[in-house]
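**Student:** Once you've had a glance at the structure underneath, I'll fire off some questions.
FYI, it's all coordinate maths here, none of it is from the lab. Computed from a prediction, not measured in an experiment: that's the story for all the values here. Here Cβ is always computed from backbone atoms with ideal geometry, including for glycine, and neighbour counts include all displayed protein chains.
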Amino acid sequence: MPELPEVETSRRGIEPHLRNRTITDISIRQHRLRWPIPKDLPALAMGQKIRDVCRRAKYIYLKLDNGSIIIHLGMSGSLRICSAKIPPGKHDHIDITVSGNRILRLRDPRKFGCVLWTDQDINEHKLIRSLGPEPLDDGFTADYLHGKAKKRSCSVKSFIMNSHIVVGVGNIYASESLFKAGINPKRKAGSVSLARFEKLVAAIKSTLHESIEQGGTTLRDFTSEDGKPGYFAQKLLVYGLAGEPCSVCSEPVKQITQQARSTFYCSNCQK
Ligand SMILES: [Zn+2]
């Protein structure tokens with residue numbers, strides 16, 4: 001599933017090809033994604049200039065003068081830039097053509113992604129307005145997390161994966177960040193001290209930054225002709241490493257299930 005770093009990498013990959021270009025055509029081959037692609041999208045967006053290509057949480061949006069096209073990659077979506085000569089494949093559901101004859105193409109085999117329109121401020125959109133802060137923004141601090149965690153009895157792992165608390169900390173990044181911060185993923189969120197939240201916030205930011213930096217090496221793939229852009233295998237410390245020796249203490253990494261998701265941790269290093 002594309003996580004925040006992949007979405008940010010996608011945004012950086014497509015942005016230089018779209019910014020300040022005019023939308024000349026929109027071709028929708030499959031309307032039924034997670035929500036239907038609005039039928040009037042071509043009428044609303046064609047002829048408009050793309051002023052900016054932005055991201056909020058895992059939504060990418062193309063900012064036009066009269067509104068925004070909101071794109072989510074769902075479980076299996078990917079975006080790439082291609083020329084009009086490349087015929088669309090079976091799972092290529094929408095093409096947005098811009099001046100210069102470049103096409104932004106969404107491929108989504110499982111169709112859990114979406115392409116929507118809003119003429120509101122993006123932050124007022126119903127999918128976005130109740131989301132927590134961006135993890136890489138300055139507003140995401142230990143004080144903020146500590147305040148939100150007060151009296152919460154859920155596990156600290158599910159707490160940081162809650163998008164109303166903070167967006168973009170997916171399952172892999174939660175395990176990795178908790179390991180770096182030395183916090184047991186089963187610990188109750190309300191029992192984590194401010195000092196330990198300081199470590200956790202730093203770990204979340206560094207884990208996501210490293211992943212985005214790694215994604216930077218794949219940016220050219222967004223225009224490659226084989227249509228497999230930009231996802232990358234990150235070097236992981238605990239995730240997926242059950243039974244392997246912990247890189248710090250050599251005890252075997254443990255795997256448990258929390259809220260139907262796998263968690264990996266070292267019971268010796270994480271308290
Ligand atoms: Zn360890």
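**Student:** Would you list C266, C114, C249, C154 from fewest to most Cβ contacts within 10 Å?
**Tutor:** Numbers: C266 23, C114 20, C249 10, C154 16.
Exposure proxy ranking, most exposed first: C249, C154, C114, C266.
**Student:** Could you sort out which of K150/K180; K188/K271; K205/K271 sit more than 19 Å apart by Cα distance in this structure? Intermediate results must be reported in sequence, preceding the final value.
**Tutor:** Numbers: K150/K180 22 Å; K188/K271 11 Å; K205/K271 21 Å.
In this structure, K150/K180; K205/K271 lie more than 19 Å apart at Cα.
**Student:** Quick check: from the Cα gyration tensor, does the chain come out rounded (a/c under 1.5), prolate or oblate?
**Tutor:** Details: a/c = 2.45, a/b = 1.83, b/c = 1.34.
Here the chain falls in the prolate category.
**Student:** Here is a follow-up. Label-point separation (nm) for N20 and S250, each offset 7 Å from Cα along Cα-to-Cβ?
**Tutor:** Placing both labels 7 Å along Cα→Cβ, they lie 5.8 nm apart.
**Student:** Grab the Cα-Cα distance for S99 and E210, subtract it from 0.36 nm times how many residues apart they are, and report the gain in nm with one decimal.
**Tutor:** On the way: separation 111, 0.36 × 111 = 39.96 nm, distance 3.41 nm.
Roughly 36.6 nm would be gained on extension.
**Student:** Could you tally the net charge around D119, taking each other residue with its Cβ under 13 Å from the Cβ of D119, Lys/Arg +1 and Asp/Glu -1?
**Tutor:** Values: positive: K63; negative: D40, D65, D121, E124.
Within the 13 Å Cβ shell, the charges total -3.
**Student:** Considering amide H positions built from the backbone, and no H for Pro or chain starts, which residues 5 or more places from R80, or on another chain, come under 5 Å of its amide H?
**Tutor:** R105, R107
**Student:** Here is a follow-up. Using Cβ contacts closer than 10 Å as the measure, can you line up I94, I14 from fewest to most? Working shown, then result.
**Tutor:** On the way: I94 24, I14 27.
In increasing order of surrounding Cβ atoms, one gets I94, I14.
**Student:** Related question: Which residues' amide hydrogens lie under 5 Å from the amide hydrogen of F140, considering only partners 5 or more residues apart or on another chain, with H built in the peptide plane?
**Tutor:** Result for F140 returns nothing.
**Student:** Expressed in nm to one decimal, what extension gain is obtained for the pair Y144 and K126 from 0.36 nm per residue of sequence separation less their Cα-Cα distance? Intermediate results must be reported in sequence, preceding the final value.
**Tutor:** Values: separation 18, 0.36 × 18 = 6.48 nm, distance 2.33 nm.
Length gained between Y144 and K126: 4.2 nm.
**Student:** Could you please report the charge total around G182, scoring K, R as +1 and D, E as -1 over all other residues with beta-carbon less than 9 angstrom from its beta-carbon? The partial results should precede the final answer.
**Tutor:** Details: positive: K180, R196, K199, K271; negative: none.
Net local charge, G182 excluded: +4.
**Student:** Under 1.5 on a/c is rounded, so check that first for the range 1-105, then, if it is not, pick prolate when a/b is larger than b/c and oblate when it is not; a ≥ b ≥ c are the square roots of the alpha carbon gyration tensor eigenvalues. The partial results should precede the final answer.
**Tutor:** On the way: a/c = 1.25, a/b = 1.11, b/c = 1.12.
In terms of gyration-tensor shape, rounded.
**Student:** For helix 194-216, report the angle its Cα long axis makes with the longest principal axis of the Cα atoms of the chain; keep it between 0 and 90° and round to the nearest 10°.
**Tutor:** Once rounded, the angle reads 40 degrees.
**Student:** According to the square roots a ≥ b ≥ c of the eigenvalues of the Cα gyration tensor, what is the shape class of the range 68-162, taking rounded for a/c under 1.5, prolate for a/b larger than b/c otherwise, and oblate for the remainder?
**Tutor:** Since a/c reaches 1.5 and a/b is larger than b/c, the shape of the range 68-162 is classed as prolate.
**Student:** How long is the gain from N66 to T223 if the chain were fully straight, where each residue apart is worth 0.36 nm and the alpha carbon distance is subtracted?
**Tutor:** On the way: separation 157, 0.36 × 157 = 56.52 nm, distance 2.79 nm.
Between N66 and T223, full extension yields an extra 53.7 nm.
**Student:** Okay, next question. As an exercise, identify the trypsin sites (Lys or Arg not before Pro) in the range 85-115 lying in DSSP coil whose Cβ has no more than 10 other Cβ atoms within 10 Å. If you can, show how the numbers build up before the last one.
**Tutor:** On the way: sites: K85, K90, R102, R105, R107, R110, K111; in loops: K85, K90, R110, K111.
Passing sites in the range 85-115 are K85, K90.
**Student:** Would you calculate a helix-derived [θ] at 222 nm for the chain, using -39,500 (n - 2.57) for each DSSP H run of n ≥ 4 and dividing by the full residue count, to the nearest 500?
**Tutor:** Values: 6 runs with 67 residues, N = 271.
One gets -7500 deg cm²/dmol as the mean residue ellipticity at 222 nm.
**Student:** Could you check the spin-label model distance between K90 and E198? Points 7 Å from the Cα along Cα→Cβ, value in nm.
**Tutor:** 5.5
**Student:** Loop-only check: which trypsin sites (Lys or Arg not before Pro) in the range 3-77 are DSSP coil with at most 10 other Cβ within 10 angstrom? Before the final figure, lay out each step's value.
**Tutor:** Working: sites: R11, R12, R19, R21, R29, R32, R34, K39, K49, R51, R55, R56, K58, K63; in loops: R19, R21, R29, R34, K39, R51, K58.
Of the trypsin sites (Lys or Arg not before Pro), the ones in loops of the range 3-77 whose Cβ has at most 10 other Cβ atoms within 10 Å are K39.
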